[in-house]
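Enquirer: Would you mind keeping the following structure in view while I ask a few things?
The values are calculated or read from the model by the stated rules, or taken from the named source; none is laboratory data. The model shown is predicted, which means the values in this text are computed figures rather than measured ones. We place every Cβ from the backbone using ideal geometry, glycine too, and count neighbours over all the protein chains shown. With ligands, DNA and RNA removed, areas are computed over all heavy atoms of the protein, side chains included. Shrake-Rupley method; radii C 1.70, N 1.55, O 1.52, S 1.80 Å.
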Amino acid sequence: LVQDSDVGSTDPLFNTLLGMVQAHVEFETGYAATFAAGVLLKKRFRIEVEYSYKSFDEEKGFSTINSISQSLPSNTEYSINSILANTVFDWRNSSRFTPYVGAGLGVGFIEKFNPAGTAMGINFPEIQISDSVLAYQFFGGINYWITRNFVGFLGYKYFATDDLIHGTSTRDGFKSHSLEFGLRFFFGRP
C-alpha cells in the first residue's frame with residue numbers, strides 16, 4: 001500500500017501556485033519481492049544486506065482550488081529497486097513462534113514511466129525518468145521455526161524514500177506499508 005503523495009516545485013512562484021491548488025496523487029496497491037543474505041550474531045542479532053523490487057501504478061492526480069476538486073486519471077508506472085543494510089533483533093524462547101524487529105538504511109533506484117497519451121485535449125509525450133534517493137525501513141513480525149535451520153515468517157514493513165526532484169518539480173518521497181511473508185534458511189544451527 002503506497003501512501004498518497006503531494007506535488008510541489010523548486011520554483012518559488014510555481015510552488016506558491018501549487019500550494020493554492022493543493023495538488024497530490026494517489027497510488028494503486030502494488031507488489032514487492034525481497035531477497036536478503038546476512039550473518040547471525042550471538043543467536044539474536046542479524047546483520048543483512050537486502051535487495052528489494054517494488055512495482056506500483058499512479059491511479060490519479062487531484063487538484064483542489066477554492067474547495068472544488070478535479071481529478072485526472074493517470075497510467076504512470078513506478079518501480080523501485082532498493083539495496084539496504086538491515087539490523088534485526090530476534091527474540092528467542094522455547095516456542096516455535098518468536099518475534100523480530102528491525103531497521104534498514106540504504107538507497108532506492110526509482111524508475112518512472114508515463115506512456116504517451118492525451119488528457120484534456122493535450123497530447124503528452126512518453127516520459128521515462130530515473131532517480132536514486134536515500135531509502136529506509138522499519139519492520140517487525142513473527143518467525144515460525146519449521147526446523148532448526150528453516151524458518152517461515154509473517155511481518156509488517158514500513159518503507160520510505162527521500163523526496164524526489166525532477167527539474168523544477170518535486171514530489172514527496174514514497175512511503176509504503178507492506179504485509180510480507182517468506183522463508184529464511186540458516187546454514188549453521190542458530
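Enquirer: For GLY155, indicate whether it is at pLDDT 95 or above and surrounded by 17 or more Cβ atoms within 10 Å (Cβ to Cβ).
Expert: The answer is yes for GLY155.
Enquirer: Here's a follow-up. Kindly evaluate SER79 against the criterion of being within 24 Å of the chain's Cα centre (by Cα), part of a strand (DSSP E or B) and either modelled with pLDDT of 80 or more or surrounded by fewer than 15 Cβ atoms within 10 Å (Cβ to Cβ) (or both).
Expert: yes
Enquirer: Within the set of pairs 6+ apart or on separate chains, which have a first residue in segment 27-38 that is in contact (Cβ under 8 Å) with a residue 12 or more places away in the chain, a second that is in a loop (DSSP other than H, G, I, E, B) and surrounded by 11 or more Cβ atoms within 10 Å (Cβ to Cβ), and C-beta atoms under 9 Å apart?
Expert: Taking only residues 6 or more apart or on different chains, the pairs are PHE27/LEU1; PHE27/GLN3; PHE27/ASP4; PHE27/PHE174; THR29/LEU1; GLY30/LEU1.
Enquirer: Could I ask something else about it? List every residue pair whose Cβ atoms lie under 6 Å apart, where the two residues are 6 or more positions apart in sequence or sit on different chains, the first residue falls within segment 89-104 and is open to solvent by 80 Å² or more (accessible area, probe 1.4 Å), and the second residue, located anywhere, is modelled with pLDDT under 95 and among the hydrophobic types (A, V, I, L, M, F, W, C).
Expert: Taking only residues 6 or more apart or on different chains, the pairs are ARG96/TRP145.
Table: residues versus (1) within 25 Å of the chain's Cα centre (by Cα); (2) among the hydroxyl-bearing types (Ser, Thr, Tyr).
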{"site": "VAL101", "(1), (2)": "yes, no"}
{"site": "GLY104", "(1), (2)": "yes, no"}
{"site": "GLU126", "(1), (2)": "yes, no"}
{"site": "SER130", "(1), (2)": "yes, yes"}
{"site": "TYR156", "(1), (2)": "yes, yes"}
{"site": "PHE159", "(1), (2)": "yes, no"}
{"site": "ILE165", "(1), (2)": "yes, no"}
{"site": "GLY173", "(1), (2)": "yes, no"}
{"site": "PHE186", "(1), (2)": "no, no"}
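Enquirer: Might you check whether a residue that is more than 19 Å from THR161 (Cβ to Cβ), in contact with a Pro (Cβ under 6 Å, 6 or more places away or on another chain) and assigned to a loop (DSSP other than H, G, I, E, B) occurs anywhere in segment 93-115?
Expert: No: zero hits.
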